[in-house]
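Everything on this sheet refers to the single structure shown next.
The values are calculated or read from the model by the stated rules, or taken from the named source; none is laboratory data. Since the model is a prediction, treat every value here as computed from it, not as a measurement. Note that each Cβ is placed from the backbone with ideal geometry, even for glycine, and that neighbours are counted across all protein chains shown. Only protein heavy atoms, including side chains, enter the accessible area calculation; ligands, DNA and RNA are left aside. Shrake-Rupley method; radii C 1.70, N 1.55, O 1.52, S 1.80 Å.
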Amino acid sequence: MQIYTGLDLSRKRLDYHACRVDGTLVGAGAVPPDPDGLARLVHRLGDANVLAVVESMNGARFVHDRLELAGWDVRLADPLRARALAPLACKTDRIDCWVLAELARRDLIPEVWLPDPAVRQERERARFRLHLVKHRTMLKNRIHQTLIAHGHPRPSVGLYTQKGRALLARLELPEPWRSTVQASLVLIDALDQQIAELVRELRRLGADHRYVPLLRTVPGIAWVLAYTIAAEIGDISRFATPTKLIGYTGLCPRVYQSGEHDRRGPLAKNGPDYLRWALVEAAHNAARHPCYRELAARQRARHRRPRGSAIATITIARKLTEAIWWMLTRNQPFAPAGAR
């Protein structure tokens, strides 16, 4: 017997709606979204073949993995596309479960790709490094703001070098600002150590990654960006064309078309934020490379600064994405257009 089950996940409960092929109800209710609760849900539906659908969100991967181990076929649905397929005038958790079960029964699941555990581990390492870098930057900016607020101009030497630390120690700052600056420096040192350890780990793991050595041949991409891009892309074979990969990065403008009107809006920004950030960072560096220097200069001259610089960066990022698709698909290092 085939059972179609819709799952609606929240912080404290997992609502479910199970039905047969003809739509008759098998069971509905809620369980806690923990190992014991998921085990009870599997027991309630018995030994039937279950196709379950849960919207992609924080915690959905845990539910997916647990139920897959129990023998279920679990799919992750795109929340936005699911709402577009079934717009509701009244929305509750029970109705959401029913809608997902109906989408599964009618074979209309707007499924999203779920990376395997190995890719998720790679993403976590790269993303946690970026998380630490972000906090370190916030602490450094806070120190600069404190100096400006008390009449100290930005020094010519780096504040976080040995000379800069000595300068900070000599500055006259009232309490509690002096204490907060000292505490910020301690935290920056601790973050520096953690980030350095993560970079060493990324180097070690990236040496054995099938994509990282190829990505390091791209202008503007070194160890950290190569590992981040490889982890965020996952398996390149799931993108049939370079256009599909570019669309996944969210670096394409939104398109509004109606009749003879064709209007382009801001960037779509769908897909992983970390992948888009890594490609933009690479584009900033690649703009100085001979392959892209002329393109960057042409865009800046056409649109003027600062808009021209932003357009040039996004254009180069899309060019890099296209080159990356061809490289990883053909297992070849980077080469300028037309080179053999």
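Details
- Choice from Thr146, Thr313, Thr321 with maximal GNM fluctuation in the chain (Cα, 10 Å cutoff): Thr146
- Förster radius 25 Å - calculated FRET efficiency between Leu85 and Ala268, Cβ distance, rounded to 0.05: 0.80
- Rounded to 5, percent antiparallel among DSSP beta bridges of the chain: 60 percent
- In the chain, the longest principal axis of the Cα atoms and the axis of helix 117-149 are about 40 degrees apart.
- Neighbour count of at most 10 Cβ within 10 Å plus DSSP loop: longest GluC sites (Glu not before Pro)-free window in the chain: 1-171
- Over the chain, dividing the summed -39,500 (n - 2.57) contributions of all DSSP H runs of at least 4 residues by the number of residues returns a 222 nm mean residue ellipticity of -18000 deg cm²/dmol.
- Hydrodynamic radius by Kirkwood, which averages 1/r over all alpha carbon pairs of region 146-268, in angstrom: 19.4 Å
- Cα gyration tensor, the chain - rounded (a/c under 1.5), prolate or oblate: prolate
- For the options Asp189, Asp262, Asp36, a Gaussian network treatment of the chain with springs between C-alpha atoms closer than 10 Å singles out Asp262 as fluctuating the most.
- Taking all protein chains into account, the per residue accessible area for region 77-166 stands at 64 Å² (1.4 Å probe).
- Highest mobility in the GNM of the chain, judged by mean-square fluctuation with C-alpha springs under 10 Å and restricted to Ile229, Ile109, Ile195, is found for Ile109.
- Loop-located chymotrypsin sites (Phe, Trp or Tyr not before Pro) in region 14-102 (DSSP state not H, G, I, E or B) with no more than 13 neighbouring Cβ atoms inside 10 Å do not occur.
- Helix axis angle, 93-105 relative to the chain longest principal axis, alpha carbon, degrees: 80 degrees
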